[in-house]
Each structure stands twice: as structure tokens, then as C-alpha cells.
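Inspection log for the structure reproduced underneath, given as C-alpha cells.
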Amino acid sequence: MAPVPTPSAEPDDDLDSYVGLDARTAQERARERGWSTVRTLPTGAIITMEYLRGRINFEVADDTVKRCWKG
């Protein structure tokens, strides 16, 4: 039986630091800090709620990050 892989650690990041940034700056910063998947969503978007390790989500309105969460 194969060993169970150990998931890589998520970046130790202050998610609140993204709120208020323009979407492009937030995306670039997230990639620089090691997030493997960066997802930008409009306010009110309908999304699935599965947790994906290494993903950061941005809710964006008027090109500004309004909310940020991981998974």
C-alpha cells in the first residue's frame, strides 16, 4: 500500500491585508506569497464550497478586493 502523501503547507499570510487592494495587485501578491490557486469572484457569485488547499479567494467589486478567504 502506498503511503499517504503529506499535503504542502499553505502560506502563512494575513488575508485581511488583501482587502482594499486592486484585483491585479492582490493576485500578484498572492502568487508571490506562494498561493497555488488564486480565484477572483464578483460579489454575489454562486460558487461550490469545497475546500481546496493552497487556494485563496477574492471577492471583487469595482476592481477592489472586498473580502478574502482561503480554500
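The values are calculated or read from the model by the stated rules, or taken from the named source; none is laboratory data. Keep in mind it's a predicted model, so treat the numbers as computed, not measured. Cβ placement follows ideal geometry from the backbone for every residue including glycine, while neighbour counts extend to all protein chains displayed. To get the accessible areas, we keep the full protein, side chains included, count just its heavy atoms, and leave off ligands, DNA and RNA. Shrake-Rupley method; radii C 1.70, N 1.55, O 1.52, S 1.80 Å.
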Mind putting a number on the dipole of the chain about its Cα centre? Charges go on the C-beta only, +1 for Lys and Arg and -1 for Asp and Glu, and I need it in Debye to the nearest 20.
-> 220 debye
3J(HN,Hα) from dihedral phi, segment 49-61, Karplus parametrisation 6.51/-1.76/1.60, rounded to Hz, x for glycine, proline = 10, 5, 8, 10, 4, x, 9, 10, 10, 10, 8, 10, 9
Working from Cα positions, state the angle (0 to 90°, nearest 10) between the long axis of helix 23-32 and the longest principal axis of the chain.
-> 30 degrees
For segment 17-57, which GluC sites (Glu not before Pro) are in a loop by DSSP, counting at most 14 other Cβ atoms within 10 Å?
-> GLU50
Sorted list, accessible surface of protein heavy atoms, 1.4 Å probe, largest first, for VAL65, VAL19, VAL4 is VAL4, VAL19, VAL65
Exposed-loop cut sites defined as trypsin sites (Lys or Arg not before Pro) in DSSP loop states with at most 16 other Cβ within 10 angstrom; longest site-free run of the chain spans 1-32
Can you find, among SER8, ALA45, PHE58, the residue farthest towards the positive end of the dipole of the chain? Put +1 on the C-beta of Lys and Arg, -1 on that of Asp and Glu.
-> SER8
Calculated on alpha-carbon atoms, Rg and Dmax of the chain in Å | 13.5, 51
Could you tell me what percent of the accessible area of the chain is made up of carbon and sulfur, with a 1.4 Å probe and every protein chain present?
-> 52 percent
